[in-house]
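The values are calculated or read from the model by the stated rules, or taken from the named source; none is laboratory data. All figures in this text were calculated on a predicted structure; none of them were measured in a lab. Please note: Cβ atoms are built from the backbone with ideal geometry, for glycine as well, and neighbour counts cover all protein chains shown. For the accessible areas, the whole protein counts, side chains as well, though only heavy atoms, and no ligand, DNA or RNA atoms are used. Shrake-Rupley method; radii C 1.70, N 1.55, O 1.52, S 1.80 Å.
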Amino acid sequence: MSQHYKNFLSLLERWPVDKSKVGRDLGQYLRDQLTVVLGSSNIVAVKDDRLQRQFHSLENIVNDVHANRYPRTLKSTATGLTGEQCREVLSTEFLEIIQKKKE
């Protein structure tokens, strides 16, 4: 099981943490889940093949396998915003501003 732990740690070292999404970042969530799953006493219950599939899927995401295989031809999104604009709109800071305006 220690090999799985090392594999996931090396994967998470390459996975970025988005500081603008405090408490909602996928990278931080994955780090927390690694601690829960691999640090728990019921590690025997985790199936080896399931861990391998999960690791492979996450590795594909972090290595941009599908993004490279199917490159986007348009720079905009369904909302008409750029990727950077979408990132700003989804930031915790922006969501707090919107929440304050609602109040």
Checklist entry - Of all residues in the range 23-35, which are open to solvent by 50 Å² or more (accessible area, probe 1.4 Å) and modelled with pLDDT of 80 or more? => result 23, 24, 26, 28, 29, 31, 32, 33
Checklist entry - Any idea which residue in the range 47-78 is modelled with the highest pLDDT, counting only those that are open to solvent by less than 100 Å² (accessible area, probe 1.4 Å) and over 27 Å from residue 13 (Cβ atoms)? => result 77
